[in-house]
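Colleague: Got a structure for you, written out below as structure tokens; questions coming shortly.
The values are calculated or read from the model by the stated rules, or taken from the named source; none is laboratory data. Note that the coordinates shown come from a computational prediction; the quantities given were computed from them, not determined experimentally. Cβ placement follows ideal geometry from the backbone for every residue including glycine, while neighbour counts extend to all protein chains displayed.
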Amino acid sequence: MKLMNTITRYKLHHLIFWLALLGLWYFFRYEDFHDKSLAFTITLLKVADLAFMVYLTNYLLIPQLLYKKRYVLFAISFIVLVFCSSWLKMYLEGQLMHNPQLFNLFTRFKVRFYDNVIPHFLLVSTGAGFKLLIDYARAQKKMGEMAKANAEAELNFLKSQINPHFVFNSLNSVYFLIDKKNKDARDALHKFSGMLRYQLYECNGNKTSIEKELGYLEDYIAMQRLRNENCSVNFYWAPGLKGVTIEPLLLMPFVENAFKHLSHFDNGQPNEVSIDMRHTNGTLLFTVNNTCEPDKKQTQEPGGIGLKNVQRRLELLYPGKHNLTIKNGGKHFNVVLQLQV
């Protein structure tokens, strides 16, 4: 299993395939040449030419043109690639064999086209077909994972909605029992009620406005300020965020993690939490920095969603559209999330 993971990680199966093809091609064709070293050179040239066309098609033309529905440009680029690469291969073969006319594309054009260009079309098309099948299988797998994740999230959400009216009525009752002079307690309970309402009633859709998400974060931070008196909290969000929509409760785990892992050492140094959110050219930049206890791992704990869970959620909801950087500097923990919104 470890060997297979290493092969997959470093794409060694690609190298193994092309080496095997080179060996088989040479084995079946070396007798056609008097010079065995020349036979190997010609075979290597043919395999390298084929590999070049396959990789250029699979990793450039298909993602950048075919998947973006630029079908005409893809077809033209594919035809030009195969034709030009076939011509270049024949030219180099002629130079290596000191007989340029033997492999001249325009000498006996029909024969050269049939023996070189058409096989290349078929072989490169076969490679592209494998690429499309693999991408389709991966897309189906990802859709299945997303469906499963959504089903689990919906089930957890339904469980959390057990008689929410009872919860709100109880909170209102507690609110009026608190002495009016105790403004801090009343404000805290009011913020908690707002956070609960947001979770239960305003997170049903796939997207939510950034303004609502900011309001939720501000209420949570206000609650944490009451719990962490020896903590300096700085929360900045740029005015350009208005109008942005994101998945609900996506940013909350990073903020929760920052407060959860503040340093509890009595060293005279105050704890700090800094949260910064900006939006530039379609990219949301979200940064969280907090002090922490040295050598303390910030991982999932009972009752918390955990950073690994958030990373998995980002992979499912924003595939190829996010960049998450997490750094633990010992006394400071830093999270930077770039999200294409």
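Colleague: Return the pair list, or none, for Cβ contacts closer than 6 Å from residues in the stretch 58-71 that are over 15 Å from PHE130 (Cα atoms) to residues that are surrounded by 13 or more Cβ atoms within 10 Å (Cβ to Cβ) and of a type outside the set (Lys, Arg), at least 6 apart or on different chains.
Modeller: LEU65/LEU73; LEU65/PHE74
Colleague: State yes or no: is TYR136 part of a helix (DSSP H, G or I), farther than 21 Å from LEU19 by Cα, at pLDDT 85 or above and of a type in the set (Phe, Trp, Tyr)?
Modeller: Details: part of a helix (DSSP H, G or I): yes; farther than 21 Å from LEU19 by Cα: yes; at pLDDT 85 or above: yes; of a type in the set (Phe, Trp, Tyr): yes.
Yes, satisfied.
Colleague: What is the one condition in (1) modelled with pLDDT under 85; (2) farther than 26 Å from ARG225 by Cβ; (3) of a type in the set (D, E, K, R) that LYS321 does not satisfy?
Modeller: (1)
Colleague: Right, another one. Only one residue in ALA238, ALA222 is of a type in the set (Gly, Ala, Ser) and in the same structural domain as VAL335 (by TED's automatic domain parsing), so which one is that? Please lay out each step first, then the result.
Modeller: Values: ALA222 fails: in the same structural domain as VAL335 (by TED's automatic domain parsing).
Of ALA238, ALA222, the one residue that is of a type in the set (Gly, Ala, Ser) and in the same structural domain as VAL335 (by TED's automatic domain parsing) is ALA238.
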